[in-house]
1. Quick one: which of Pro264, Pro257 is out of contact with any Cys (no Cβ under 7 Å at 6 or more places or on another chain), modelled with pLDDT under 95 and either closer than 25 Å to His174 by Cβ or of a type in the set (Lys, Arg) (or both)?
2. Under 6 Å between Cβ atoms, at least 6 apart or on separate chains: pull out the pairs that start in segment 60-72 with a residue that is closer than 17 Å to Ala31 by Cα and end on any residue that is in a helix (DSSP H, G or I) and open to solvent by 10 Å² or more (accessible area, probe 1.4 Å).
3. Among Gly201, Gly173, Gly212, which is the only one that is open to solvent by 30 Å² or more (accessible area, probe 1.4 Å), within 30 Å of Gly261 (Cα to Cα), at pLDDT below 95 and under 16 Å from the mean Cα position of the chain (by Cα)?
4. Can you find a residue that is farther than 16 Å from Ala20 by Cα, touching a residue at least 12 places away in the same chain (Cβ under 8 Å) and open to solvent by 10 Å² or more (accessible area, probe 1.4 Å) anywhere in segment 120-127?
5. If you take the residues in segment 248-294 that are part of a loop (DSSP other than H, G, I, E, B) and among the aliphatic types (A, V, I, L, M), which one is nearest to Ser6 (Cα to Cα)?
6. Just a yes or no: is a residue in segment 341-363 modelled with pLDDT under 95, charged (D, E, K, R) and not in a loop (DSSP other than H, G, I, E, B)?
7. Could you tell me which of the residues Gly384, Gly357, Gly338, Gly288 is open to solvent by less than 60 Å² (accessible area, probe 1.4 Å), more than 22 Å from the chain's Cα centre (by Cα) and closer than 30 Å to Ser115 by Cβ?
8. Consider only pairs whose beta carbons are under 7 Å apart and that are at least six residues apart or on different chains; among these, list those whose first residue lies in segment 159-184 and is touching a residue at least 12 places away in the same chain (Cβ under 8 Å) and among the basic types (Lys, Arg) and whose second residue is open to solvent by 10 Å² or more (accessible area, probe 1.4 Å) and not in a helix (DSSP H, G or I).
Amino acid sequence: MKANASAARFAPRMARLREAMAARGCDAFLADHAELIAWICGYTVSETLYRAVIVPMAGDPCFVLRSIDAGPCRAGVWFNEVVTFDDHEDPQGAVANALAAHGLAGARIGVDPASYGHTVATAQRLGELLPDARFVALPGLSDRLRACKFADEIDAIAAASAIADRCMLGLEGHVPPGRTVREVAAAAAAAQLWLGADDGGPGPILVSGGHGTGHGTGGHVDFLHGSGLDRTLMPGDILHVELTPRVGNYGARLMRPVFVGDPPAGARETFQQLAELQDRQIAAMRPGAAARNVDALLRTAVLNAGLRADYGNVTGYAMGLYARTPRPSDFSQSFHPGADFRLEAGQVFHMYVSARGVAVSETVLVTEGEPRLLTTCPRRPMEG
């Protein structure tokens, strides 16, 4: 083990993982979920080729990955053993060989079949290479372990939240008619980088309502994932801004509308209604609360108020680590009518609501007492 502070920082995470392994009688766990890899190791990498971390019940982990990534991996992890393979070699074969080298060829090896890194092809290949091993399915473990955050994780999300707040406020007064959406997005991306974010991706920024959009009186919400960077802003437009900065791979999210000139009739009132209804929802986010009940507080009120004709999306979802993976949002725990989990202190969520071209969201930490807004930007529309 490397003699540094990182080893001590990751010890509680390893203990949490090994407790879950012991409960199912596992001799080792094979982590191939990008965020879980980062969580237990301090380093993550995209899956250009299969890579995995072997975690035995005792002793340090072993990272198996492409040789080209060995340098940054050794610099990033808190343990010593990094096994590599060249790009023309079989990645699953390298993992199987590493397992065998650790005396695990006939062991009970925990895997998460819900991990997007653990494909059917990978499971079949490992089974062929290690016929004496028993692979124990622990579905969803990669996300479940990380649901309640440690103090250093909350600090990173809070730092990302502060960047989102400053960037959003920095846009105010700098979104006049005549600018393109692309120019605003570029300014937001640059600001996030200057403020310390990992990268400049600001999240969706697009015209959601106002001049020529047809969103003025309807219940349209398709703007949340829309596009249109080359649109020129016009008086009366509503610019939807979602900021998604990350610090040390930990993300925060914040949505506000930016009014370009005088907004369409009713837009301010819609925002105020949505914010007040969401305030009630966030206030209910306490340990033990049923997620479906927290969801219903907002969903039912928005529908009863006639702000939307239907409500097909979730009202919030888990926040935390983000790696270069197929999913930009973490729905492992999300708020909807069928949500079957209860809130716990240490969980962090992106809570959002939208209607009529207007959206508002916050990054929220569940504590032992009252919920805490990690994003602290004023809960009002921004004036362009």
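The values are calculated or read from the model by the stated rules, or taken from the named source; none is laboratory data. None of the values given here were measured: they were computed from a predicted structure. With ideal geometry, Cβ positions are generated from the backbone for all residues, glycine too; neighbour counts draw on all protein chains shown. The accessibility values were calculated without ligands, DNA or RNA, using every heavy atom of the protein model including side chains. Shrake-Rupley method; radii C 1.70, N 1.55, O 1.52, S 1.80 Å.
1. Going through Pro264, Pro257 in turn, the sole match is Pro264.
2. Listed pairs, sorted by first residue: Val64/Ala94.
3. Gly201
4. Within segment 120-127 (the criterion being farther than 16 Å from Ala20 by Cα, touching a residue at least 12 places away in the same chain (Cβ under 8 Å) and open to solvent by 10 Å² or more (accessible area, probe 1.4 Å)), the answer is yes, since at least one residue qualifies.
5. Ala252
6. no
7. Gly288
8. Arg166/Leu195; Arg182/Leu229; Arg182/Asp230
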